[in-house]
């Protein structure tokens, strides 16, 4: 039989591997029998030292995940409570607004009842954006007893205009005293200087031709005279803001009171 040096080397390597394995097993057996001070074997201590970092890492990861889950559920619960409180807050604001609106209407009614017998409280629902000082629409109509030429005041009982056609059952048009159509009989309260007050679809009205025989001062109050047979007398209209004098006449500009106030609620005086 021929000698093969390769097989001899392979056999030697196998023997060496088996010998190392036997020595390793013997080492494990010996270490398992060596008892340390903490009553653990050397093998147990070695395994514990290898496993402990993994245990610590797993425990920290577990604690972190648990804490994050608790935080998530806590925040979700807080967010639900926040949404509920926000809804309740909005509901309360709506209720407060409604109560304030009712109180404001009651105050208006109490003031108007002192001076007028029959009237209707109305709300402005439409304004012509092209001619905001010409006319507006209100939410009361023939069903509430409104008729053409009914006088319209603001909530401070100051003149705003009158009802004009077209009229429907639930709405009406109000021609403002600042409209270029029509006019208002009026006079200066301080000296009873009387004339026709006309508008020009702007925020001011004017007396076109007043005699210059009586002095007019800036800030003088202008009130209705009743001579137009539409508006009752002594209704406040506005104040004098400009005076242009000529030889025999004077042109006086008047700014109505309602122009500088919110035009939301109006009072319509019904014909007796």
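Modelled label positions at residue 57 and residue 78, each set 7 Å beyond Cα in the direction of Cβ, lie 3.3 nm from each other.
Normalised by residue number, the volume inside the convex hull of the Cα atoms of the stretch 119-176 is 72 Å³ per residue. Rounded to 0.05, the FRET efficiency of the residue 94 and residue 208 pair, given R0 = 41 Å and the Cβ-Cβ distance, is 0.25. Extension gain, residue 260-residue 118: 0.36 nm per intervening residue step, less the Cα-Cα distance, totals 48.5 nm. As a proxy for reagent exposure, ranking 267, 120, 65, 129 by other Cβ atoms within 10 Å from fewest up yields 129, 65, 120, 267. The distance between label points at residue 65 and residue 192 comes to 9.9 nm (points 7 Å beyond Cα on the Cα→Cβ vector). Based on the alpha-carbon gyration tensor of the stretch 207-272 and its eigenvalue square roots a ≥ b ≥ c, which shape applies: rounded if a/c is under 1.5, prolate if not and a/b is larger than b/c, or oblate? Oblate, since a/c reaches 1.5 and b/c is not below a/b.
Values quoted throughout were computed directly from the atomic coordinates according to the rules given, and no laboratory measurement underlies them. Everything quoted here is computed from the prediction, not taken from an experiment. Neighbour counts are summed over all protein chains in view; Cβ atoms, including those assigned to glycine, are modelled from backbone coordinates with ideal geometry.
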